[in-house]
Every structure is written in C-alpha cells, then in structure tokens.
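These notes concern the structure reproduced below.
Nothing in this text is a laboratory measurement; each read-out follows from the coordinates by a stated rule. Note that the coordinates shown come from a computational prediction; the quantities given were computed from them, not determined experimentally. Reconstructed Cβ throughout: ideal geometry from the backbone, glycine too, with neighbour counts over all protein chains shown.
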Number of protein chains: 2
Amino acid sequence: MTAIPESQGDFTLPGEAGYEDLTLNLARKWGADTIRDSDGSRISPEITRFGYDIYSTLCLVRSINEWAKKNPTRLQQNYLMSFPVVAERASLTIDPLNRFFREQFVLNTRDDPKRWWQVFDRTTGEEVPKKQWSFDPKRKTVTISQAKRWHRYTVNFLVFRIWEEISMYNQITNGWADKEEHKPAVDPIYPDTRKAILRFLDQWLVEHPETTVVRFTSMFYNFTWFWGDDPNLRYPYNDWGDYAMTVSPRSLGLFKKEFGYALCSEDFVNGGLYNNTHNAPSRRYRDYMDFMHRFVVDFGRQCVERVRRAGKKAFVFYDDHWIGVEPYSERFADFGFDGLIKCVFNAFEVRKCAHAEGVKTHELRLHPYLFPTGLKGEPTFQEGGNPTLDAKNFWIDARRGILRAPIDRIGLGGRLSLLEPFPDFCDYIKKLADEFRLLKSFHAGDRPYTAPFKVGVLTSWGKLRSWICSGHFAHGVELNELIESLAGMPVDVEFFSFDDLREKGVPRGVKVVLNAGRAGSAWSGGPEWEDPEVVEILSGWVARGGGFFGVGEPSALEGRPGMRFQMAPVLGLDRERGERFGHARYAYRTEKSHFITGDLPDGPDFKRHVDGIYLLDGETRVLAELAGEPAVTARSVKKGRSVYFSGFRFNPENTRLLLRALYWAAGREDAYAAWSSSNVRTDCAWFPKKRKLVVINNDAEPHQTTVTLGDGKRSRKVSLDGHGIAIIDL
Amino acid sequence: MTAIPESQGDFTLPGEAGYEDLTLNLARKWGADTIRDSDGSRISPEITRFGYDIYSTLCLVRSINEWAKKNPTRLQQNYLMSFPVVAERASLTIDPLNRFFREQFVLNTRDDPKRWWQVFDRTTGEEVPKKQWSFDPKRKTVTISQAKRWHRYTVNFLVFRIWEEISMYNQITNGWADKEEHKPAVDPIYPDTRKAILRFLDQWLVEHPETTVVRFTSMFYNFTWFWGDDPNLRYPYNDWGDYAMTVSPRSLGLFKKEFGYALCSEDFVNGGLYNNTHNAPSRRYRDYMDFMHRFVVDFGRQCVERVRRAGKKAFVFYDDHWIGVEPYSERFADFGFDGLIKCVFNAFEVRKCAHAEGVKTHELRLHPYLFPTGLKGEPTFQEGGNPTLDAKNFWIDARRGILRAPIDRIGLGGRLSLLEPFPDFCDYIKKLADEFRLLKSFHAGDRPYTAPFKVGVLTSWGKLRSWICSGHFAHGVELNELIESLAGMPVDVEFFSFDDLREKGVPRGVKVVLNAGRAGSAWSGGPEWEDPEVVEILSGWVARGGGFFGVGEPSALEGRPGMRFQMAPVLGLDRERGERFGHARYAYRTEKSHFITGDLPDGPDFKRHVDGIYLLDGETRVLAELAGEPAVTARSVKKGRSVYFSGFRFNPENTRLLLRALYWAAGREDAYAAWSSSNVRTDCAWFPKKRKLVVINNDAEPHQTTVTLGDGKRSRKVSLDGHGIAIIDL
C-alpha cells in the first residue's frame, strides 16, 4: 500500500479581496497554482501580485449594457406560446404575455406579428388563417375572429428578453434585484452587436493585464429558461440544450438563405413542448441547430483569437450561455479554447469533461461551492452545515469518473472568507487535492485497464451529446442513470447517432449497443425507428455476434397496433399498454441463478420501471421480475445476444448488475473476473504501465473487498475507510 | 325490524338423474318452481314427473355433429395472424398455424388464399404485394420471395375451427377429451346449415315434451377464444365481445353486397390485436358487427319462433355463444326471447341482466357452481371447501345490485349430488332464496329511492355495452371497477356513445358525464376525441351547469405534442408521459377537507393509477395525491363542475368517494344526506311506496351504521351481522 504523497499544482483557488492572507495561506496549503474571481467576489491587486496565474470570469453578451440600452432591437429574442385560452364566443382576445414574467419578456412588435407569429386552434391542431386574427399594437393583444366556441387557442409570438436569466436568478435569489442594474443579453447575430462586443473585449483585455486566463461563462446564448409571473409556476420551461433563446427574425432569415427553406414559429414552439433535449428532435430543428452552432463557433473563434493575441489563454466554463458550445460537436476544436471547465456533481460530468477533444486543459470545478447555502437551500458554510462531509461525498461521486479518465486540473469557486470557521474543511481539501494529483499522475502515459470490448450508446443526438442527457443529473431518465453507472466502470463508451449507424454501421470495437429511454425520447430514438434500415443493420449485427441492450422502451415506435419495440424479435419481448387485454402473456419462470444477477440474487430496485412487458416466446430468459413482470431478461440471438432492463436507477447494486449484463451481452463473461472487485460499493482500476492497483470506496462507511487480479484467479483483500482509497503496487 | 318470511317460487334448481329424492327434497326446501339440466348432469323421467317446469339446455351449432362431419366446409371460420417470423434471407417460409392449437384450427385452403389472405411486413407496417408470396397447398406454408432481411413478417389466414371451444375446454379440463367425440360448431351463415339446424330443432322439440323452457346457450357464435399449442401460451387471445369467430368468405361477401365495400383480413387481424372490446373500434369493424348482429337476430328469431310454436318458452343464457345476442342492442327484443339468464359474480352483472329490455324474465344463475372445484382450482364441494361461506360472499357481492334493480328469478347450476355432505349449504340457500324473494317483492310496483340526477357513461360502445366492459370483471379496467361501484349505488345510470352525443347531446336527466379509461380504449373513446364537435358539445354543456367526471385518461388523444386530454380545459389538468421533462408543474397544496373526501380523509387506494398528471392553473383543487401527484381533483367551470380521479378500484371506501364525487359534480351536495348510510361497508335502499328501508352489510364481519332518513336530518342506527340484512318499516 502506498501513502498519498504531498504535491503541488493543478489547482484553482477562488481569491477574495480583503482576505489576502487567507488567500495566500490556502493557496500554499492546497498547492494552488491559479487564483480566480467568482460571482460575488473580486481579486484585489494585492492578490494578483502573489504571482499566481489569474483566471478572470467574462460573460460578453451582458457586458455592454450601455450599448444595449441604446439598441433595444439588438436584445436577444425567442418564441413563446401563450398559455391556452378557451373561446367562449366567436371573438377571442388573448394577451400573449399573460402568465409570463414581464420583467424577462416584452413583445417584439417591431417585426410584423402577421408575418412572424402564428395562431393555433389546439383543439383541432390546425393553424388559424392569418386573416382570421389581428394584433392590436396599443393593447398588445391578439384577437381571433370566427373562433370556434370551446376550442382552445394559443398564439406563438416573438419576444425580446430584457433581463439576462443568470443575473436575474442571482439578483432575485439573493435579494439584489432592486439594488443592481438589470442586464439584458445582446444578440451577436447582428453585425453591429458583434462590433460592439469585440470593441468591449479589446478594451477589457487592455484593462486586465494581470489576467492570464479569460474564463468565458460561456459564450453568447443561455440555455432556455422561460419564467412565469405566478409563484406557483415560476419556471414554466427550462432546458439545458434547447436553442430556443437564439431565435430571431434575423437568424431565421439567414437560415432560410443558407438552407433554402423557411422555419416557422411552430418549429420552435411545438405545441408548447418547445425542443426539449429529452424529446426526439425534428430534422428541421436539427438543421437550425447546425446553422446556429456554426454561427456561435465562428464568432466565438474571433473572440478567442483576440484573447490569445493579447497574450492570454481562453478557457470556457461549460454552463450558462453554453448553447453552441457543445464540447462533442465536430466544430468545438475550431473555437481554439485552451481549456474547458466543468462544474461536477457526478461521475458522468467528469467523463463529459475528460473526453472533450480540441482543448488542452480539462478542469473540474468541485462542489461544494463556497457559499453559505447549498443548492437545495441547506446550510453549508454556516451554522449547522458540515462542509467537510459534503466535500467527501461530492468527491467520491466524482472520483469514480476520475479513476477512469484523465482530468488535468481541479478547483473551487465562491467566497474564500467563509472558510475561516472550517479548518477541518481546509485540511480535507488539501488531502483531496493530493489524492487528485496522484490519480492524475497514474493516468499520465498510461491507461487504466478496461474491458475487452466497447459499449456503444445509440441516441438521436449521438456524439454531440456524449455523456450528456441534459444539464445536471436528470434523475429518472434511464440513460442518465445508466451513464452515471457507466462513468465509473472499466468500460470504454462511445456515443453514436442513427445517422452514424446508417452511414457507418455499429462503430468499430463496439460489442454492445445500448438503447435506452421512453418512446419518443431522443435517447430511445423516437421516429428514427420508423426507418427499417436501422432495424436491419442492428439485427444483422446481432446475428453476427453483437449484443443489443435495451432499457425502458428501446426501439419503441408509437401508433403501430400490436407492435411497439421495433427490436422486439431481438429482445424477445415487447411492451403493451392495455391494448392487449385479451391476450395471454407467455408464461415463464424466473431463473434464480445467472451470471448477470450473480451479485444481485434478489433482483434490482429500479425505482421506476416500464410495465406491460411480455415475452414473445420461451427463448427469452427472465432473470428478475418487478411487480410480477419481466424486469431483467437475456436472450441468445444467432451468434449474438440481447439483454433487457425494464428501467434503471444509479446505485451500487444496479451498477454491478449493469456491468455484468454488459459482459454477458458482449459474450465475454470469461473476461469479467480480471480486475473486478467483490464488494459492489468499491471500484478498482489497474494502471498497467505504472503497475498500480487503485481501489476506492464509494461509500461513507468503511468496506472490505476482494480484488481479483488480471489473471482472473489470484486476488487481494483490501480494507478501506469510509470515502477511502488504497494504492497497491503489484 | 321485519324478519324474512319463508316463501316459494322464482328459483331454478339443477336436477340430477339418480338423485331423485334429493332433487325433490331440495326443490321443496328452496321453494324451487323449475328444474334444469346442466353440463354433466341429466334429468331423469322420474324428475320430470314431479310437475315442475323443466329448463333444457340447448346449443344448436354443436348439436348436428353427423351433418357437420359430412359438410366440413360448413364449419365456422376465422382469421388468424401467424406468429411473426423474422426473415434471414430473401426467401422466407411461414407455417401459418405454427404455435396455434391444431386440434382447434385447420387451414381453409378451399377458398383461394391469394384472394382471402394477406401477408404483412410488420417492420414497415406495409402489406407484401400478392405477387411476392405464394401458398404451397401440399406443405401448407406461405413462401415470401424478395423478403427483406431481418424484417418480421406475418400471414393473415383463414381457418376452419374443428372443435367447439366450450366443449373443448370442458373436455380437456375434465379429462374427457379422449372419451368424447370432438364437436365442431357449424356456421349458420350458409342456407343449408340453417336448414339442418332447424330440422334438428324441430325434431328436438318433438322429442322433449317434458321441456317447458328451452335454455339456449346461447345462439350461434362463441366469444373469441384462440388456443395455442404451447402450454406456456395456451390462450393467445380471448375476448368476450370480438366478432372474430363469425367471419367467413360468405359473411364477407354478403357484407360487401349490403354495405357496398369490402373488408379485408387486416380489418379483423389488426396487427394481431384483433378487435378487442377494450380497444376503440374502427368504423369498418362496427359496420361488420352491425351486419352480423342482424343476421344472428334474424336466424335466432326463426329458432325462437319454432320453440314457441311447440308450446315452450325460449330463454337465453347470456354466455358462451353470445355474439350478436347483446341484450342492450336495438334488436335484442326482436329475438322474442321469454327470458334472459345471466351467471353472476358481481353486482354489475346483476344490473346488466336487470335492465335488459325485450324479455319478460330476468334470471340470475348464482355462484358457487355445484362442482367439486371452483373456477380458480380451489376446492368447493369437496374436502377442504367451505361452500356456505363462498355462497355468502358471492351473495353479498350480487345483492348490492339486486337492491337497486328488479330481478325475477335466481337459480343454481351443476351437480346436486355433491351437496349431500353439505347440509349447512342447503340451509343457507333456503335463507338466501327467501331473502331474494323478499327483495323482489319490494321492487314489485315500487322503485327504490335514487339520487335526483342521472349519471351518463360516455364510451365508444354506448348503450350496446351497458353495464359491460367485456365478460366478467375485468380487474384493473377503470370503467369496470367504476360500474361495479355504481351497480350498488342509489343512482340511475345511462350509457351513451359518441354518436349519441353528436346526434342528441347529453341524454336528458344526466347531470354527470363519466368518461373513464386509458387512451385508445373503447371506454375513454380513442379517436372519437379527434372530433372537435365532441369537445364543443361537452364543454358547452358543462358551462351551462353539467358535471364532467374523468377517470384515468379521459378524452385522451395520442400523438398531439404537448396536449393529451381534449377536455383538459374543463378538467383543469392534463397528463404528460415524460415529454414535458423541461416543464415545471403548477405547484399546489392538497385540500385536507372537502365534501368529496368526507369519508376518506387519508386519500384513496386505486391500486393502479395514471401518472404524470399536472394542473393547468390554480383553479383546479387537489383533494388527494398518489405518489406525489394529483389523484383526486375538483374544479368549477362556469356554471358546471369537473372531477378527476387518476384511477379507480372497486372497494367500499372508493365506492363512497365516487358517490360523493358524483353528487359534487352534479352540484347536488345538498341532496347527499337523504338515505345515506354512514358506514362505507353498508348500503341502504328506501322503497317509498312499500315504506321499507333495507340496510345491507356488504362485509363478512358485523357492522353498525347510521342511516340518515329522507329529510336529511333524522337518522336510525342499525346493527348488522356479517353478510346481514335489516328490513325496517318506516
């Protein structure tokens, strides 16, 4: 067993003006090489004089407020759908902004509503002809004539946003709203806006000679966040990946010029669903994303170039205004960023950061954030808080990912001054930083052992949303639960899309294709499954020896009577939702003993699972049941195999169930034992060049485990403290 | 309190040859006026000499077996869909009957397969052109050329049925299959079959002078029951109302002549779903039902006429071959039956029988059936059985319905000889028969008190399936659970269809419209909700003071993004199934105290409920939650009201919740107290002309209750034994 040596570097510390001694002491203690500013804390000239690298946060689109005031037509826009209103007589008047937050939105009446807006009869699903409605610019209402009684109508309309959402949230939450100026976000789609932004940036660079790294947060367009005025419905809609807040008449005009066809408001409004990342995207919307993404990269690169010309580095913080900054897009490298910073709660976020190509530095901002109150309103750095325990728990969640993939730096954010009453926390962060730097050193020039096959995750988004479902952990979304399990496994994972599948087949090296999610979701694939070519390619691949792994409603298509999963013949099962009430289900016995359930003889707890699963025949082996229906099944299909889970939730037991099921689906049970750990609450990684075996305890309680070595026979017993780690030289 | 007097009559007793004394003794003890034969037991001449009325069971279509053997093309037919087969190469051969029970089905190869069959690529959903497949009459297989690899294919094909299902079931279950001749059912759609049947009937009538009532079981076509050859999938499909087993080239030819368009195999096969009663029917299938129904009534009337000409009565047993014998069809009276006999487990089956028009006598066959073993394989009339307790429990379930609606007769079936070791049972049946006759006497010339409003149940089937979902209690089907509750309530119920609604609006007297079921079901309405007129009529009716009551997925339409319940504005809520992951839900507080939940402060147990319910605004009041989501809601809508339940299960507590919710939805909470019983396990009925108050205990344990009298103020305390009844003169 190797002790963790003390070390230095690769650590970003939030400095705080007025606490120069504390900043310097903690920088030394934690081995920091960089000092950053944070929301609510500045760095003083005293601190910059210490000689550390300096990160400075910069959000360009809300930085030119004086210019924005003079140019209100240059504010960012979006489409909204009015809340539905029922017609009680032939004339119906709708105030489109009713129930929306009027401090966020104002109507765009400068661009002709008759041209840009649409009115829908949502009872029939049909658009109301333009001549049957009119906009009253004085009252700011839409009046529909010849409305049909008792039908519900909605207006799709354009708004300007007059208060940028991140600062709005911070100001309102912290009670600063009355004290500080409301900043809107300007829209760089206009040439004059871009000019104003670049002018500001150039001046900023001159005025910040001490800054060594510009930390963009992030580029131009925020994730979508529509606010309401009713305290019971404060956030009617919010999505991490929706391009809704990039839309304007200018963007639509440029799109049409480039793609040769016009988009309309309903392409973005979509019956009020908007284009939520979890839902399967339309081809039209994907075209728009592609168009807007290129725009963001083009202008982003110009900004980055100026930063570098000023002799500084450009890092991007992957949050907030991150639309168009997808680290797994083909164009991400074109920005020219030097580093990517990701705040992390979970292991999948570590992997999301670690595998991004086109940047040299991958940095994690750890939790807890140095704020008095945590994200759920719980006390953190104040009376009643236990920030050390919080830090330990956050660390063991993230560490599972750090064990598998290299990360270059870590850091914290917030107000350093809050740490004074918590010396215990400061000691723990030193330990954590040393642990991180040791793990980083193992990754250097080495790769930890992984299974002799790759897992391919098939979704509508493919590589673009690798290790991402939408924002932070979307609990209950099967794929997000799965990727959190995968993030800590000794298994290489590749994300690919249905387009990739059609063009190139199953990616090379992939032995298990995972398709997971509810019908109609971007994760399961929705209408992609209407294409029989998808079924043909995958079925043939399985027949030749591949493994198809379905979770929830894999390959589900809605609207076909009697058949729901397009891969049903491969899975050997399908799902009904009541329409087969007259059909008996194939009777089966649950197998008590199987490789897949070897560590989970009593069956899984998926928390939520898909009901109505029925077997096609006796070839499908049921390994576990939930609520009297098949929950875990396995099937041999020609030379290949299939596995089905009726749901998934991330926990240690299910993670182990998944790992074993992947080995089985790949037909490689023989290879499972090598570098496996008997206790499901522990993980191990073998760094072959360094000859280091790392064993981690993912639990707050102490645990013992037996690690089987690479020959699959010999083993080593290991005892671990709660949150502990063991380094073994072999 | 009135004691139950001893009485005579209105009771049908199963006689048994060889047990003449027992038959006579029990007939006297129970006050029987009629003796019947049963499956497995005959009546001897000694018995017929006692002078009782004699019921003789008759199933015409399986009675002319010698003729059937000579005329194999006159056997009944149906379409089947082959089990799907995946193509592994361009040529795919399918044995259509594979996995079906070959003692039930043989291929109909006499009618050209190329004309009558269809082959489908179920991966694309498209029909395979006729020229791309062929039938090999020698091997009895279909070969598809140019099959697409890995697509799954099915054949829709015609079969003759060579073993009638009811006798097949009885013979196989009782181990008689090898001993007795296999009887098929002949198809009266052919004129020569009808002639043979009538010839048989005439002769039978001559040969059975002792018979006073012919008990048809039932007419010509059995409910649909497809058997498989795999013991793990013995009954691939079974539906109480599907007309599948009436189909033949001749019926399709006659249909086309009459309706002017042709039906095809897929109209019946429907992707393997067939036309299950629980699923919303297509217009084409309803046309076919109408056609076949008229045929059954026409030929049935001819049979009934012969019975009456022979000086006998004709009763119909509503089970088995009951297709076309729907007691709530417009044509049912045209049969000319004298009586309708319904076997009952539950109260809704009592109501189903009681309200049938066009017959004079409404008779119930009670349970337990006099057989050694019960329907679930449990011992009944043998060692280990407790038939008296069984009889009591069956009786209290049925009695709830008998309290509300008049029934003319009751009876038993089976083998009387089994009763000898159970004198206790014989005593109880005497008591039960007296209790029945007393309740019948109260209904005579009187009607028990009912609420001052009617409940209208809106379904795709309307009046045709009044008090019916499909066969016996379809547990878990919301509407079936609801009608079992309704069957014992002092509330008049009317069933109506979407066509009725469009033609005549909400029926007169109806103050609450109930729409219940999953999306796509016949009970919720499925595609009927695409018609905006339905929404318009109902919304306007509610606005003028009506009550709309939705359960499960009322008014649900699938496939519209973002909007599922067409009546969402009236209900004030809608359902999402994951597609609104980015949408916040309207925040609410559950109201602890409300008229509707007055007897159920801790909320309901629906066993299964619909998830994803979200409120549209703050006007919807949440009265109970399940799993953190609204489960019981109430809303005022202009002058009307709406109520929503996210599920329903029949039990005493939920029945009371439903009753209160109906009064609230009708705006008649003021009238609720009159003739209400405080204890949810008891019911009461007030017969105003007879001035009798009847209080029943629906539970095996003793109960006390307080009945509020008609003025809504005065009350009466009542104590009841387990299964007990109290008669109070007022």
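If one computes the Cα centroid of the range A:81-112 and of the range B:622-648, what distance in Å separates the two points?
28
Per residue, how big is the convex hull of the range B:132-273 when only Cα atoms are used? Give it in Å³.
It comes to 201 Å³ per residue, whole-number rounded.
Tell me which trypsin sites (Lys or Arg not before Pro) from the range B:449-538 have a DSSP coil assignment and no more than 12 other beta carbons within 10 Å of their own.
Filter output for the range B:449-538: B:508.
Just from its helices, what would the mean residue ellipticity at 222 nm be for chain A, if runs of 4 or more DSSP H residues each count -39500 (n - 2.57) and the sum is divided by every residue, rounded to the nearest 500 deg cm²/dmol?
-8000 deg cm²/dmol
Taking the Cβ-Cβ separation of residue B:69 and residue B:203 as r and a Förster radius of 25 Å, what is the calculated FRET efficiency to the nearest 0.05?
That pair, residue B:69 with residue B:203, gives E of 0.90.
Determine which lysines satisfy two conditions relative to residue A:70: a Cα distance under 21 Å, and not lying fewer than 8 residues away in the same chain.
Excluding near neighbours in sequence, the set is A:183, A:195.
For a quick check: with amide H placed at 1.01 Å from N, whose amide H comes under 5 Å from residue A:86's, ignoring anything fewer than 5 positions away on the same chain?
Distant-sequence amide H within range of residue A:86: A:153.
Just to check I understand the Karplus step: with θ = phi - 60° and J = 6.51 cos²θ - 1.76 cosθ + 1.60, what whole-Hz values come out for the range A:401-414, glycine and proline as x?
Values, residue by residue: x, 5, 5, 9, 9, x, 10, 8, 8, 10, x, 10, x, x Hz.
Treating the point 7 Å from Cα along Cα-beta-carbon as the label, what are the nm separations from residue B:618 to the other copies, to one decimal?
Ordered by increasing distance: 6.3 nm.
Pick out, in residue order, every one of the chymotrypsin sites (Phe, Trp or Tyr not before Pro) in the range A:663-705 that is DSSP loop and has at most 13 other C-beta atoms within 10 Å; say none if there are none.
none
Based solely on C-alpha atoms, express the radius of gyration and the Dmax of the range A:555-603 in angstrom.
When restricted to the Cα atoms of the range A:555-603, Rg and Dmax are 14.3, 39 Å.
Between the alpha-carbon centers of the range B:1-75 and the range B:381-439, tell me the distance in whole angstrom.
The range B:1-75 and the range B:381-439 have Cα centres spaced 17 Å from each other.
Residues with amide H under 5 Å of residue A:228's amide H, sequence separation 5 or more or different chain, H placed in the peptide plane at 1.01 Å from N; which?
A:101, A:235
Could you name the lysines in cross-link range of residue A:312, using Cα to Cα under 16 Å and dropping any fewer than eight places away on the same chain?
The reachable lysines, counting only those whose Cα sits under 16 Å from residue A:312, are A:360.
From the C-alpha gyration tensor of the range A:557-645, pull out the three semi-axes of the equivalent ellipsoid (sqrt of 5λ each), sorted largest to smallest, in whole Å.
Working through the eigenvalues yields semi-axes of 22, 16, 12 Å.
Just the Kirkwood number for the range B:82-176, please: inverse of mean 1/r across all distinct Cα pairs, in Å, one decimal.
One decimal place: 14.4 Å for the Kirkwood radius.
Order by neighbour count: A:64, A:189, fewest other Cβ atoms within 10 Å first, most last.
Ascending Cβ contact count within 10 Å gives the list A:64, A:189.
Please name whichever of B:249, A:537, A:356 sits farthest to the positive end of the charge dipole of the protein assembly as shown, dipole taken about the Cα centre and charges placed at Cβ: Lys and Arg +1, Asp and Glu -1.
B:249
Enumerate the calculated ³J(HN,Hα) couplings along the range A:146-159 in order (Karplus 6.51 cos²θ - 1.76 cosθ + 1.60, θ = phi - 60°), each rounded to whole Hz, writing x wherever the residue is Gly or Pro.
6, 5, 8, 4, 6, 7, 9, 10, 9, 10, 8, 9, 9, 10
What ranking do A:74, B:286 get, fewest neighbouring Cβ atoms within 10 angstrom at the top?
Sorted ascending by nearby Cβ count, the order is B:286, A:74.
Which residues in the range B:569-607 place their backbone N less than 18 Å from a point set 7 Å from the Cα of residue B:376 along the Cα-to-Cβ direction?
So the set is B:607.
Considering only DSSP beta bridges whose two residues both sit in the protein assembly as shown, what percent are antiparallel, to the nearest 5?
60
With a Förster radius of 41 Å, plug the Cβ-Cβ distance of residue A:587 and residue B:302 into 1/(1 + (r/R0)^6) and report the FRET value to the nearest 0.05.
Rounded to the nearest 0.05, the efficiency is 0.40.
Once the label point is set 7 Å along the Cα-to-beta-carbon vector, what list of distances in nm do you get between residue B:305 and its counterparts in the other copies?
Going from nearest to farthest copy, the values are 9.7 nm.
So for B:684, B:426, fewest C-beta neighbours within 10 Å to most, what's the order?
B:426, B:684
Could you work out Rg/(2.2 N^0.38 Å) for the protein assembly as shown, with Rg from alpha carbons only?
1.05
So what's the convex hull volume per residue for the Cα atoms of the range A:411-491, in Å³?
In the range A:411-491, the Cα hull volume divided by residue count equals 162 Å³.
Quick one: grab the alpha carbon gyration tensor of the range B:218-366, order the square roots of its eigenvalues as a ≥ b ≥ c, and give me rounded if a/c is under 1.5, else prolate or oblate depending on whether a/b is larger than b/c.
Taking the square roots of the gyration eigenvalues as a ≥ b ≥ c, the range B:218-366 is oblate.
Give, rounded to the nearest 20 debye, the magnitude of the charge dipole that chain A has about its Cα centre when Lys and Arg contribute +1 at Cβ and Asp and Glu contribute -1 at Cβ.
Magnitude of the dipole: close to 1340 debye.
Which of the lysines could a cross-linker bridge to residue A:140, judged by Cα under 16 Å and excluding same-chain residues fewer than eight apart?
Partners within reach: A:114.
Using θ = phi - 60° and the Karplus form 6.51 cos²θ - 1.76 cosθ + 1.60, what ³J(HN,Hα) does each residue of the range A:470-477 get, whole Hz, x for Gly and Pro?
In residue order, the calculated couplings are 6, x, 6, 4, 8, 4, x, 7 Hz.
Given bins 10 angstrom wide, list per bin the percent of all Cα-Cα distances in the range A:682-729, short to long.
Histogramming the range A:682-729 at 10 Å steps yields 28, 55, 17, 0 percent.
Please report, for residue A:406, the nm distances (one decimal) from its label point, 7 Å out from Cα along the beta-carbon direction, to the equivalent points in the remaining copies, shortest first.
Values, ascending and in nm: 9.2.
Against the 2.2 N^0.38 Å scaling, with N counting residues, where does chain B land? I'd like the Cα-based Rg ratio to two decimal places.
Computed over Cα atoms of chain B, the ratio equals 1.01.
Among B:436, B:414, B:403, pick out the residue whose Cα is farthest towards the positive end of the charge dipole of the range B:395-445, where Lys and Arg carry +1 and Asp and Glu carry -1 on C-beta, about the Cα centre.
B:403
Could you list which residues have their amide H under 5 Å from that of residue B:495, counting only those 5 or more apart in sequence or on another chain, with H placed in the peptide plane?
Those lying under 5 Å, H to H, from residue B:495 are B:457.
In the range A:44-142, what GluC sites (Glu not before Pro) fall in a loop by DSSP, with at most 13 other Cβ atoms inside 10 Å?
The qualifying sites: there are none.
What is the Cα radius of gyration of the range A:454-671 over 2.2 N^0.38 Å, N being its residue count?
In units of the 2.2 N^0.38 Å rule of thumb, it is 0.92.
Quick one: pull the percentage of alpha-carbon pairs in the range B:522-575 with a separation above 19 Å.
19
Calculate the dipole size of the protein assembly as shown relative to its Cα centre from +1 charges on Lys and Arg beta carbons and -1 charges on Asp and Glu beta carbons; express the result in debye to the nearest 20.
2340
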